[in-house]
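**Q** Sharing a structure below in structure tokens format, with a few things to ask.
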Amino acid sequence: MDVIVSTNALAEFCARAAQYEFVTVDTEFLRETTYWPRLCLIQVATDDEAVLIDPLAPDIRLTPFFELLADEKVTKVFHAARQDIEIFVKLAGTVPTNIFDTQVAASVCGFGDSVSYDNLVRAICKVELDKSSRFTDWSARPLSEKQRTYALADVTYLRDIYRELREQVKATKRSAWVEDELSTLRSIDTYVIQPEQAWQRLKMRFNRSRDLAALKVLAAWRERRAQETDQPRSRILKDDVLADLAVQRPQSAEAFEKLRTVPRGFGRSAAAGEIIALMKDIEALPKAALPSLPDRHRGPSPKGAVGDLIRVLLKAVAEQHGVAARIIATSDEIDALVLDDEADVPALKGWRRKLFGDKALAIKHGRIGLVATRKGIIEFAVNPAEAAE
């Protein structure tokens with residue numbers, strides 16, 4: 001089996017690959033000890049050829065491959081593409097054009113939420129994959145024969161999976177559903193994390209504006225430090241430490257010793273010195289400069305009975321249409337529409353609104369109810385007079 005280790009050989013393969021309607025792509029990488037994923041292997045297949053590209057080879061530059069990824073005439077087929085594309089965005093600076101994700105397509109074709117590649121191979125190709133090489137060290141050279149076989153299987157069976165799912169999507173007229181999901185994967189904003197926005201992924205709630213202000217600057221500081229030093233966020237500071245620091249806002253090295261979440265002696269480190277300076281800045285902010293806390297909602301709790309009913313509706317709609325529930329609406333989106341009829345969420349837009357969103361609002365306002373039957377959960381209209389009582 002071919003392993004490409006030179007730029008010339010890569011350019012020759014990519015020239016051949018560019019003549020095909022689609023190529024299948026996968027990667028092997030390591031990330032346990034770094035912020036940025038370290039690319040160790042690229043697998044690519046056309047209808048007539050499957051190769052391994054060694055990005056760690058001393059005599060290779062990946063420019064021809066990046067040009068193939070940018071070729072709009074060729075569909076690039078991935079399974080669970082997000083991490084693969086993140087790697088290419090980091091190395092090439094752009095998102096591959098004309099991508100197709102078989103995990104996304106499978107989720108709208110009745111295969112469930114986040115279906116694995118080996119499950120699709122089993123269901124569509126009727127083959128049981130040997131996954132024993134999944135967690136091997138892909139940076140070690142030479143690669144074993146078993147590793148090579150495993151790696152190539154991730155793109156060879158993907159060809160038949162792509163064809164089958166593409167036909168199923170067309171037959172069910174759900175191309176627009178797939179395109180909605182792929183739009184997220186096609187946006188470079190999905191992969192470029194701005195430190196100033198890092199606090200949003202923490203999903204922490206505070207009762208004081210100054211605590212929230214502290215969390216924002218601490219999360220941005222950690223993100224920058226992780227990116228600059230290429231370390232996982234948790235190696236800089238864990239999430240619970242950020243929360244503790246945001247509330248306590250230590251003003252001296254000694255103040256760190258009173259915090260149970262930080263290691264002993266941390267207050268004398270350079271990192272602690274930077275945090276102290278940031279916290280002093282936060283303490284000096286006038287009230288007018290502090291961020292606003294999210295409005296406390298009035299009305300039904302998103303985690304109460306109304307939210308529970310809407311979640312039952314979501315499951316019923318997903319089963320009825322053979323689509324993964326997560327594709328229709330997430331738990332956070334259900335919370336949002338319970339709180340706000342005009343929430344800016346996908347569940348209240350486009351095909352999702354027709355399929356689910358309007359019904360969810362009807363349940364919220366007592367216009368329809370749900371009943372269990374032998375055929376499953378069905379909706380029934382509620383008498384307006386009864387709904388008003």
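The values are calculated or read from the model by the stated rules, or taken from the named source; none is laboratory data. As the structure is a prediction and not an experimental result, all values here were calculated from the model. For neighbour counting, all protein chains shown are included, and Cβ atoms are generated from backbone atoms with ideal geometry for every residue, glycine included.
**Q** The conditions are (1) surrounded by 13 or more Cβ atoms within 10 Å (Cβ to Cβ); (2) in contact (Cβ under 8 Å) with a residue 40 or more places away in the chain, and G376 fails exactly one of them. Which is it?
**A** Tallying (1) surrounded by 13 or more Cβ atoms within 10 Å (Cβ to Cβ); (2) in contact (Cβ under 8 Å) with a residue 40 or more places away in the chain, G376 fails exactly one: (1).
**Q** Kindly list the number of the only condition in (1) farther than 28 Å from I236 by Cα; (2) without any contact (Cβ under 8 Å) to a residue 60 or more places away in the chain that fails for L215.
**A** Failing condition for L215: (1).
**Q** Then there is this: Would you check if D26 is surrounded by fewer than 19 Cβ atoms within 10 Å (Cβ to Cβ) and either modelled with pLDDT of 95 or more or of a type in the set (D, E) (or both)?
**A** The answer is no for D26.
**Q** Right, here's the next one. If you scan the stretch 132-146, which residues turn out to be free of Cβ contacts under 8 Å to residues at least 40 places away in the same chain and either surrounded by 19 or more Cβ atoms within 10 Å (Cβ to Cβ) or under 18 Å from L120 (Cα atoms) (or both)?
**A** Result: S132, R134.
**Q** Are any residues in the stretch 208-232 among the hydroxyl-bearing types (S, T, Y) and either more than 18 Å from A284 (Cα to Cα) or assigned by TED's automatic domain parsing to the domain that holds R38 (or both), and if so, which ones?
**A** Within the stretch 208-232, T229 is the sole residue that qualifies.
**Q** If you go through the stretch 174-209, how many residues are under 13 Å from the mean Cα position of the chain (by Cα) and part of a loop (DSSP other than H, G, I, E, B)?
**A** Going through the stretch 174-209 one residue at a time, the tally reaches 5.
**Q** Okay, next question. Going by the structure shown, is L290 crowded, with 17+ Cβ neighbours inside 10 Å, closer than 30 Å to V338 by Cβ and either modelled with pLDDT under 95 or not acidic (D, E) (or both)?
**A** no
**Q** Can we say L202 is at pLDDT 95 or above and surrounded by 13 or more Cβ atoms within 10 Å (Cβ to Cβ)?
**A** no
**Q** Can you pull out the residues in the stretch 154-173 that are under 24 Å from the mean Cα position of the chain (by Cα) and aliphatic (A, V, I, L, M)?
**A** Within the stretch 154-173, V155, L158, I161, L165, V169 qualify.
**Q** Here are the criteria: (1) assigned to a loop (DSSP other than H, G, I, E, B); (2) under 22 Å from L120 (Cβ atoms). Tell me which single one V23 does not satisfy.
**A** Going through the list (1) assigned to a loop (DSSP other than H, G, I, E, B); (2) under 22 Å from L120 (Cβ atoms), V23 breaks only (1).
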